[in-house]
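Okay, so here's the structure we're looking at.
Bear in mind that the values in this text are calculations on the coordinates, not laboratory data. Source: prediction; values computed, not measured. Here the Cβ positions follow ideal geometry from the backbone for every residue, glycine too, while neighbour counts run over all protein chains shown.
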């Protein structure tokens, strides 16, 4: 990686890291809910709420956002 | 359990019968290994909470993508291994190369795990290294060779329960010992205000945040969680596709709590002003000084369990790749009915090689650093192949071979020049993506090739 780019990266404030992290998780949340139910429940014995991978993923993402908010 | 193993599918994929909760716990048991328990506590003693990025931004996004994109694609392809997927998506050369690279790494990982067990047994029990290596190798070998992946997954699940139980007890006793949560926080930040920050400054010498996000978050983590045979093998052994994806999401939720097990002891050593010469002694110090004698024994068992659960999974994965992805391709006339016998023999052979190499691992530098350096060299190029292969129809077989060879050469050269390993990973990944995209225009695949089973379908 060119030295100039590396040098520029070392000047970025830590606040940008938190913003980048939030953006990653928000993107994942949108992607998660863009998946159709047929795909999410493919192979599941039934469609009960707890089997919805999107709900489990949402809980996971909210926990991650809370962690990075706490340790910012 | 060994009586249920009748063929190669039973041995390598547990007869495709595992439930989501076994797979999820086995994933965590396999993931928390020698470097996880001993090395991460040492690193958190130096860096603070920032070390937990390996478990959060350095794992969770990739695990979500694995559950939603990669596992469904592997399931549709009906493969036993990730190199087999590479073989279907590209060609047999990539399949054999990927299997060789992964197997080589696994042999070192087996040796490193055995060495870590030997160090721990020397510290707590006073056993000589050779005795620890022989005893632990024999114990793991017995259930891995006889019961295959099913025995490994259920053993891992039990070991994870012990690990988490011990982790919760350490946190409770540690905070009590420090005088409460507020006193713990004050003591930690008084030592260094950055110890409670998730990200360290961009000019930090060891752990700058841009390298964490670009190198760890974008390259190393997806390469591991979406492409590691050792991790993903148990998802391919699920009874349904839903079990496989749900297991990965469940494992991600459990992974969020892993810092309590492996990062917290390092922080506790700072707060209690541990009298240690090396950061890697943080965890043994906490076990000796914070836990009462009975619980020290339980914690010692938990660490051994963590190490063994990584070791057994590595053995089975390497044996699978040699049996099917190397032998199966290089000897097309080989009888698949013999795969079970050969798989068991190879598991024994890899274990014996690991036991022989283990005493020399200590001379190669810090365990954690060693494994991360090895990983960073291969994972950038392999991830580029996996990513473009799974998400696009454009990546071609001939371009993939050229990129794999040149990408690994580039990352080896960057490592040799002393570049930070996170930058090595990102640099070789960026090169490999661009090169694979460009070379695929030059050397495209036949236009009538059917890739419908092998590429992610958008909703």
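Here are the numbers for this structure:
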item	result
Residue among B:44, B:33 that is surrounded by 23 or more Cβ atoms within 10 Å (Cβ to Cβ) and within 13 Å of chain A (Cβ to nearest Cβ)	B:44
Residue within segment A:4-20 that is within 23 Å of residue B:70 (Cα to Cα) and in a helix (DSSP H, G or I) present	no
Selected residue (only one of B:253, B:295 is under 21 Å from the mean Cα position of the chain (by Cα) and surrounded by fewer than 24 Cβ atoms within 10 Å (Cβ to Cβ))	B:253
Per-region count, segment B:417-444, residues surrounded by fewer than 18 Cβ atoms within 10 Å (Cβ to Cβ) and either more than 30 Å from the chain's Cα centre (by Cα) or part of a helix (DSSP H, G or I) (or both)	8
Matching residues in segment A:33-63 - criterion: being part of a loop (DSSP other than H, G, I, E, B), surrounded by 14 or more Cβ atoms within 10 Å (Cβ to Cβ) and at negative phi	A:35, A:41, A:42, A:44, A:52
Condition met for residue A:66 (part of a helix (DSSP H, G or I), more than 7 Å from chain B (Cβ to nearest Cβ) and closer than 15 Å to residue B:256 by Cβ)	yes
Helices (runs of 4 or more DSSP H) fully within segment B:143-251 counting 2 or more residues that are free of Cβ contacts under 8 Å to residues at least 12 places away in the same chain	B:181-191
Matching residues in segment A:19-55 - criterion: being under 19 Å from residue B:58 (Cα atoms), facing chain B (nearest Cβ under 8 Å) and without any contact (Cβ under 8 Å) to a residue 12 or more places away in the chain	A:20, A:24, A:31
Segment B:256-292 - residue that is within 27 Å of residue B:226 (Cα to Cα) and away from chain A (no Cβ under 14 Å) and, of those, nearest to the chain's Cα centre (by Cα)	B:262
Among (1) more than 18 Å from residue B:220 (Cβ to Cβ); (2) surrounded by fewer than 21 Cβ atoms within 10 Å (Cβ to Cβ), the one test that residue B:410 misses	(1)
Unique match (being within 16 Å of the chain's Cα centre (by Cα), over 24 Å from residue B:342 (Cα atoms) and away from chain A (no Cβ under 14 Å)) among B:52, B:59, B:99, B:112	B:112
